[in-house]
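Heads up, the thing below is written out as structure tokens.
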Amino acid sequence: MDYLNTHLLSLILFAPAVAALIMFFLPDDAKLQRWFAFAASLIPFVLTIVLWNRFDPNATGFQFEEKYTWYEAINSSFHIGVDGISFSMVLLTTLLTPLAILASFSVTDKVKPYMMLFLFLETGMLGVFLALDLLIFFVFWEIGLVPMYFLINQWGSANRNYASLKFMIYTMGGSLGLLLAVQMLGVLFGTFDLLALYQNWNSLNPGDILLGMSVSTVKSIAFWAFAIAFAVKVPIWPFHTWLPDAHTEAPTAGSMILAGVLLKLGAYGFIRLVLPLYPVEAKIFAGALAFLAVAAIVFGAFGSFGQTDFKRLVAYSSVNHMGFVVLGIAAAGLAAGTADAHIAMSGAVLQMFNHGLSAAGMFFLVGVIYERTHTRNLDEFGGLFPLVPVYGGILIFTSMASLGLPGLNGFVSEFMIVRGSYQPLTIYTAISMLGLLFTGAYILKGIKKVLHGPMNEHWAHGEHKLTEINLREILVMVPLMALMLFTGLWPRWILEIINKAVTALF
Amino acid sequence: MTTELLIWLIPLPPVLAFFLIVLFTNKSRAASHTVAVGAAFLSWLGAMIVFVRALGVEHLAEHPFASAIDWLPTGDTFLQIGVLIDPLSAITLFFVAWCVLMIFIYSVGYHNFGQPEGDHDHAGLPPHGATVHGHAVPSVEPMYSRFFAFIGLFAFGMLTLVVSDNVLTMFVGWEIMGLCSYLLIGFWYGKESARNAAIKAFMTTRIGDVFMLLGIAFLYSVTGSLSFEKIFSEEVLHALASVPTGVFGLSAAGLIGLLLFIGTIGKSAQFPLHVWLPDAMEGPTPVSAMIHAATMVSAGVYAVIRMFPIISLDEKTMTIVAFIGAFTAIFAATIAVAQNDIKRVLAYSTISQLGFMIAALGIGAYVAATFHLVTHAFFKALLFLGSGSVIHGMEHGVLHTGNHKVDPQDMFNMGGLKDKMPKTFWTFLIGGFALSGFPLVTAGFWSKDEILADAWAHGHTIVFFTLAIAAFLTAFYTMRQITLTFFGEPRTEEAKHAHETPWTMTTPLIVLSVFAVGFGWVGMPHWITGGLVENWFHHFVGSMLHEHSEELAFNLVPLATSLIVALGGLAAGYFTYRNVQSPAEDKLQIPVLKNKWYVDELYNVVFIKPAVWFSEVFVSQWMDKGLIDGILHLFGPATGGVGSGIRNYFDLPVINRFFGDGSADVTWWFGKNLRPIQTGRIQQYLLLTLIVLFVVGGLLYFLLMA
């Protein structure tokens, strides 16, 4: 038991990677490979439940810390740990990965590498959430890109080369500045340990000269180096155009993880690194950040409404929803230390979790219908409700969660963000309401264009006959829907943990 | 069971019914409606017990039933949610529970339970009828179970809103109703018109909702709480009234009030967000009764009544409220006179009557507004259900003749239904008279009279006259409707074969008509009862206000006005339309009224088309694909350009030519030019050695000697 306690995070982190390696030696039997990957991805999930059980929500700071010598020469150690914020993200990741793998059971092409990439991807994402060392953070940050690149590039749809390249180059380009800034911090303080850096970096005298510039100038530059890397990933307007392409071209499960978890890495970077490392700059530049966030909210909603491709419509909705996360972060940076900041930040973290559920669900549902019809063109749908009533019901439910209907999860987090941002960022919050209004417009457009209308004869008979969502697909949706409903009714189950961590940190 | 626990339980049965039907009983019609009606009955029962217990409490306003729990952790504290029954929510709960139960029962008949399945019916379209032994008979609704699931969820939303002790759960109920109204208006989603109406309803009300959300966020930021008890306490109200906001010179209270009121403008279909409500008639008629009478639109007015302590703090906001209400009352009434669809007349009349309530609140007539809210819910639910019954009867006629071109909702296709559908006729007449404010016996008279009396007594002359004219129009179009529908001779073959509807539909009509008359008696003023019976309603609901409003003294002007406009309107309506046979003979079919003052057309040009263009062209094409991606795509060629530049102007000439090839060339040149001296003759080599020796020796000599 003791071993489990001291190595729990390593186990969660590396179980998928080890499973992927074992998978390499599995015989060439697609069915076996699928079930193996699914079973393997359940291990981190079960361990996360164990973690949750042993997690002390009242303790401040990180728990289950592990620290190993890693790169002694530059004093970077393998340091991982978890607090309320990262816990919620770990839970999201370990929950979504098995569902994504279950959703991928219909993949028949090159099953083994596909599943292996998914498992590697999980380790990459978990590493970012758990890292307490800047270099480790950066390593995992980049590792996550590779499997996703290949997933889009090999299993994607028609325009996959363009999309995968854009995704890869854009994210890497964005993180160049991050790498430089990380190096600078490492050189300055002789350590990459996050907890030490929180202390040292903030204790610098702003008037001092550093690298030939004043500390505040250096910090401003480094702030934007960090911020842009994460802004591309979130993505914030105007860095968002890789997202509709990547999401649309990725295979269904890829989109689920991309929207469900990968976007959260960017927002998590803001919360874990930018705000604690740059509290002063976060205050100064809060207005700029809020402006970009609101632009994402508003243009994301309009962009979504303007699409004719079902998947692109859902993809743009991510820009819209993640904009709220960044708005909450900006407000928390501006009003640090106040109740407004705590509410906005808790809302932002909860919104990350909620968007993970609803976006993954929406992409999966798009995939369900794409798999059957081989089209995503909204104009070819319409009137599918009488043909697939169960699917229709699930789609409406998930759409409503995405829309932020009170009673479901999205509302709670959006309400908290709006409440927290109102006082510090009144005008921006008011403008974001326009985005919230159009959230309704694009969601309803999606439902209207897919489900409503007189029964669609084209998909009703013969070889085109649309079949109802099957049991496996329903099983993918059930956990998501249950959590959407439960979080909407009783958000305390996760918000309490988040709130404790946020109150202690900001 | 404690009353508090019971209050928590009241909203639950309908939502459980929703889940039960969706997950389990959706294949069985009988099971589904049993579950739904049973749930409505349980909620009704709970509501009645709570209501009776509430009546037994002295000073209920000061000592309401209340209970709350920690819901949302916010930093070091919690946002609490809970339930509250005070006089206002008690009276609202009373009418909501009754209307909901009646509408649930009515729906069983309305959707043709017990009839065979249709010959060509599809999910998504209204039933078209079936053939049994060669006779056309009505067929059962294809999505029968789904309907009951939706109205169950709807009832849950309304009951949640009513029992809430805070703004947040009130908003939750409010939005759930918004969803259900969308689902129910678009119930027959196969019809293009229903589909569009559903989206229109959702989006239009959502405009109000986002303002309301902003108002809630503001309120919460300023006061740190959302529970009514805290935000309506003296010190909080005082603080809200004294904080300026810098927006239109409003105080915090004024701005919060205004933002919340915009929510009501959407939900209660006030001008300029009224456009969704008439289109919402696309839904099945029980839905119209539910959304447009008993619940959702009432919720908007209820919210204003609930937030009245804050809204009334700022004169400017109150003026806006009064203006919007009064304008809507007369504006919608003018449109109602030119409509031929039996349900659309009622829709506009609803907008207009809600305007009465809003205007009443704007002039501070709190009790009068509440009274009219309750009476209106009863008689408007009655009228909608009655019109549904009429349509049902007409559909019977249509099935009989087989002429599906005849619109069973067009009043000019009716006439003489008085004898065919007596129960519907008498109950509709009662409802119509209540709406018109027929003196003394109907509830509508007392509530409307109280609004007018209040307006007059407090010197709001403009509001008074506007509402008086609107009241006249109300009586007029109501009588027009009754005359065209029930009086005279049948104008079509279909009307001749119209048929009274089954007991499941007529029983709710009878029950509601009892309230449409009787509920007025609980709020009769002193002058009529001579003080024998106290004005119970005024006493009960008026206790909600911190400073008790005194009952008004008797004044002849508003009373006379009420009498004249009601009776005059009814008479004018009857005599104008007694002999009208077709729309051509109707002098009030003025295009501008018929086309609803062209508001829809205006919105289409000013808002909808630009928004679509902005989304599809500006954002998606120009900004994202053109500008942003354009810049990104420059990176490709730019990087390529830099790369090939380096290759062509540095790598190739400098590295390759100069260093790489250059060093080879030099070596080669030396080799080539030194080749001639490699002759292989020993004499030449020795000679060359000798020459070099001399030269080197000579050089050394001179250099060293010098």
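Observations, loosely collected:
- Sequence of A:H464, A:H240 once ranked by neighbouring C-beta atoms within 10 Å, starting from the fewest: A:H464, A:H240
- The stretch A:253-330: C-alpha gyration tensor shape, a/c 1.5 cut-off, then a/b vs b/c: oblate
- Restricted to Cα atoms, the stretch A:29-168 shows a radius of gyration and a Dmax of 16.9, 50 angstrom.
- Arranged from fewest to most other beta-carbon atoms within 10 Å of their beta carbon, A:I394, B:I608, A:I236 become B:I608, A:I394, A:I236.
- Here the Karplus curve 6.51 cos²θ - 1.76 cosθ + 1.60, taken at θ = phi - 60°, turns the phi angles of the stretch A:378-390 into couplings of 4, 6, 8, 9, x, x, 8, 4, x, 7, 10, x, 5 Hz, with x standing for Gly and Pro.
- Summing Cβ point charges (Lys, Arg +1; Asp, Glu -1) relative to the Cα centre of the stretch A:32-183 gives a dipole of roughly 600 debye.
- Computed over chain A, the P(r) tail beyond 35 angstrom holds 29 percent of alpha carbon pairs.
- Karplus 3J(HN,Hα) series, Hz, for the stretch A:423-440 with 6.51 cos²θ - 1.76 cosθ + 1.60 (x for Gly, Pro): 5, x, 10, 4, 5, 4, 4, 5, 5, 4, 4, 4, x, 5, 4, 6, 3, x
- The calculated P(r) of the stretch A:108-162, using every Cα pair and 10 Å bins from 0, goes 25, 43, 25, 7 in percent.
- For the pair the stretch A:211-281 / the stretch B:106-121, the C-alpha centres are spaced 57 Å from each other.
- Student exercise, the stretch A:285-506 dipole from Lys, Arg, Asp, Glu Cβ charges, in Debye to nearest 20: 180 debye
- Taking amide hydrogens as placed 1.01 Å from N in the peptide plane, the amide H of A:I469 sits under 5 Å from those of A:Y391, each at least 5 positions away in sequence or on another chain.
- Among B:F614, B:N656, B:V511 - extreme Cα towards positive end, dipole of chain B, charges at beta-carbon: B:N656
- B:L687, A:L408 arranged by Cβ crowding within 10 Å, fewest neighbours leading: B:L687, A:L408
- Rg(Cα)/(2.2 N^0.38 Å) for the protein assembly as shown, N = residue count: 1.12
- Using just its DSSP H runs of length 4 or more, each adding -39500 (n - 2.57), the protein assembly as shown gives a mean residue ellipticity at 222 nm of -22000 deg cm²/dmol after division by all residues.
- 26 Å Cα-Cα reach of B:K230 towards lysines, excluding residues that sit fewer than 8 places from it in its own chain: A:K500, B:K267, B:K316
- At q = 0.16, 0.17, 0.18, 0.19 Å⁻¹ the log10 of I(q)/I(0) for the stretch B:604-705 amounts to -0.92, -0.95, -0.98, -1.00, computed by Debye summation with a single uniform scatterer per C-alpha, solvent ignored.
- Of the residues B:G698, B:G630, B:G643, the one whose Cα sits farthest toward the positive end of the charge dipole of the stretch B:604-705, with +1 on the Cβ of Lys and Arg and -1 on the Cβ of Asp and Glu, is B:G698.
- Derived scalar couplings between HN and Hα for the stretch A:175-180 equal 8, 4, x, 4, 4, 4 Hz in order, rounded to whole Hz, by the Karplus curve 6.51 cos²θ - 1.76 cosθ + 1.60 (θ = phi - 60°), x for Gly and Pro.
- If both residues of a DSSP beta bridge must be in the protein assembly as shown, then about 95% of such bridges are antiparallel.
- Over the stretch B:396-592, the fraction of Cα-Cα pairs per 10 Å bin, rounded to whole percents and listed from the shortest bin up, is 9, 28, 30, 19, 11, 3, 0.
- Only Lys, Arg (+1) and Asp, Glu (-1) charged, at Cβ; the stretch B:604-705 dipole about Cα centre in debye: 500 debye
- The length gained by stretching the chain between B:V606 and B:K672 to full extension, at 0.36 nm per residue less their Cα-Cα distance, is 15.1 nm.
- For peptide B:604-614, the mean count of partner chain Cβ atoms within 10 Å of a residue's Cβ comes to 2.
- Cβ-based charge dipole, chain B, positive-most Cα from B:W426, B:F218, B:T461: B:F218
- For B:I81, distant residues with modelled amide H under 5 Å away: B:I69, B:W71
- For B:K587, the lysines whose Cα comes closer than 20 Å to its Cα, not counting residues fewer than 8 places off in the same chain, are B:K596.
- Principal axis analysis of the Cα atoms in the stretch B:540-633 yields extents of 79, 55, 19 Å, listed in decreasing size.
- Net charge over other residues, Cβ less than 11 angstrom from the Cβ of B:G397 (K, R count +1; D, E count -1): -1
- Sequence-distant residues sharing a close amide H with B:G118 (under 5 Å, placed H): B:V140
- Relative contact order, percent, chain A [alpha-carbon distance under 8 Å, six or more residues apart]: 15 percent
- Partner lysines for A:K233 [C-alpha distance under 22 Å; skip if fewer than 8 residues away on the same chain]: A:K166, A:K219, A:K264, A:K283, A:K311, B:K625
- Prolate/oblate/rounded label for the stretch A:285-506 (Cα gyration tensor, a/c 1.5): prolate
- Surrounding net charge for A:M433, when Lys and Arg each add one and Asp and Glu each subtract one, Cβ distance under 12 Å: -1
Any read-out appearing in this document is the output of simple, stated calculations on the displayed coordinates, not a laboratory observation. Remember, it's a predicted structure, so these values are computed and weren't measured experimentally. Virtual Cβ from ideal backbone geometry, glycine too; neighbours counted across all protein chains shown.
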